[in-house]
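Scroll down for the structure; my scribbles are underneath it.
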Amino acid sequence: MKLDSTMQQQRTETTGGLTERAHLACLRAKQLEEAGDFEAAREALSEFWQRIGERPKVDGLNPKGQAEVLLRTGALSGWIGSAQQIAGAQEIAKDLISEAARIFETCGFPEPVAEARVDLAICYWREGAFDEARVSLADALQQLGDLESEQRLRVLLNLVVVDVMSLRFEDALRTNREAAPLFDSSTNVALKGKFHNQYANVLKHLGLARNSADLIDHALVEYSAASVYAEQVGNKRFLASVENNVGNLFVRLNRFEEAHKHLDRARLLFTSLKEKTLVAQVDDSRARAFISQGQLTKAEVVSRGAFKVLAEGEELSLLAEALTTHGTALARLGDYSKARATLEKALRTAHTAGDPDSSGVAALSMVEELTEQMPRADLFSYYRIAETELARSQHPEIQSRLGRCARLLLANEALPAAEGAVHASTQAETGSQLPVEASVPDGEAAKDASLEEQVLMYEGQLIRSALQSADGSVTRAARMLGITHQGLAFILNGRHKDLLAARKPVKKRRRSIIRFH
């Protein structure tokens, strides 16, 4: 009996010692992960885990220790898999992180559960699954309740990331401004730097869309702060990301010399870190710079290299963006058949990822770049896909592009007659409904009318076409015509009451039962 008791005590001491080593290894790995040194973080866990695809050794650990090792190896699988374009890495990461979350929840540890939910959300947004990422982040907030912790900052930071990637800049700006005091008081330098970088991204997009020098200047200040924090923690990977973002901003400002300097620095850093994915992102940025500069051959070569690298991995949203860049370069070089095939591939890739914004931008680019090369029916079909996929976009530039394309399609009588429809495979894969083709007035019925009557008749035909293409939606028809919803409603009720039947019945808005805190 005494022997049994002694053996049990020895087993307990062994388990306790092993669990303590696992805990310390996970703490060290997390610090290195935050500094962007993923390989060193993997080495810190070498007693329990060696490589992606290998299950960590958790036998002999208590439940909390098991969950800590599973969470850390899962998070690192996601980061390393993204950096090295390892197929299946994100699914492996999600499985490990989900298992850790279940154990933490069973043990009654809400904060580690929230941490796991955030890491799970990161895996989702890498894949372009933004709705799933939002659900996971909402779960994290629910786990935290009123608890103020570092994980709440991570939730807010990643909500901004998802909103920026989904082109919901107003939502992102609101979250940034509400979260700013929390980050200011935080002692986590790495998180503070990431906050300033994301804040700058939001300000950049809004500043460009609104042509606001103040917002652009503010963005540059925020990027500068992000760089300072990145240097403080020695995170070369994060510093390179900031350089890439600044380079992108200067591309949009047509300050190409400065843009290429920042892109050069970003690429050099990413190459030294063997970050294939991020090198490809910089190349995509550079290709867009070349397009803006009119250096189309360079743009085509660089963008081709970028999408080929990204095609090796699982970050489908990034791949869709690179394909859109390459398709644009091809179209402007006059290689229209390859351009269309590439843009269609971008659209399908984004749809597979569950990223409606990227698929919408690909469809919109198809209309913009191939207006004179495609049948009108196809152009309207792609426009409808773009309008549907980008319905939730808060990017003013996107809305402006949609409006320009719609007016072009409605008013350009020189477009070729409909000769076919978008390939059935594209329609089936996107799941988007195709539009009713708008008719352009031929003026025959108005040849004996007065000038005023002809203008009124032409206006009516344009409005009818817009309403048909918008399935009766006054809001969407107004956008296509380049006027406000209220303006079109006024015209319908005043000058064209005969068209009231063509619109959808007005629905009363209901108050949402969902509230966000």
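For the reader, a short list of remarks on this structure follows.
- Label positions at Ser185 and Thr352, each projected 7 Å from the Cα along the C-beta direction, are separated by 4.7 nm.
- Inter-label distance, Arg28 to Arg210: 4.9 nm, where each label sits 7 Å from its Cα along the C-beta direction.
- As a proxy for reagent exposure, ranking Arg476, Arg134 by other Cβ atoms within 10 Å from fewest up yields Arg134, Arg476.
- Cβ-defined net charge surrounding Arg332, 10 Å radius [Lys, Arg +1; Asp, Glu -1]: -3
- Charge tally around Ala22: other residues with Cβ under 14 Å, Lys/Arg +1 each, Asp/Glu -1 each, net +2.
- Taken one residue at a time, the phi angles of the range 109-117 give Karplus couplings (6.51, -1.76, 1.60, θ = phi - 60°) of 10, x, 5, x, 4, 4, 4, 5, 5 Hz. Gly and Pro are set to x.
- Arg255 versus Glu178: modelled label distance in nm, points set 7 Å from Cα along the beta carbon direction: 3.3
- Dipole of the range 212-277, positive end: most advanced residue of Ala219, Leu239, Thr277 [Cβ charges, Cα centre]: Thr277
- Förster-model FRET efficiency, 25 Å R0, Glu150 and Ser46, C-beta, rounded to 0.05: 0.45
- Residue-count net charge about Glu132 - beta-carbon cut-off 12 Å; Lys, Arg +1, Asp, Glu -1: 0
- Check: the range 192-340 dipole with +1 on Lys, Arg Cβ and -1 on Asp, Glu Cβ, in debye: 200
- Full-extension gain in nm, Glu372 to Glu111, via 0.36 nm per residue minus C-alpha separation: 88.3 nm
Where a number appears in this text, it was derived from the coordinates with a stated rule and is not lab data. Every value quoted in this text rests on a predicted model; they were computed, and no experiment measured them. Using ideal geometry, Cβ is built from the backbone for each residue, glycine included, and neighbour counts are taken over all protein chains shown.
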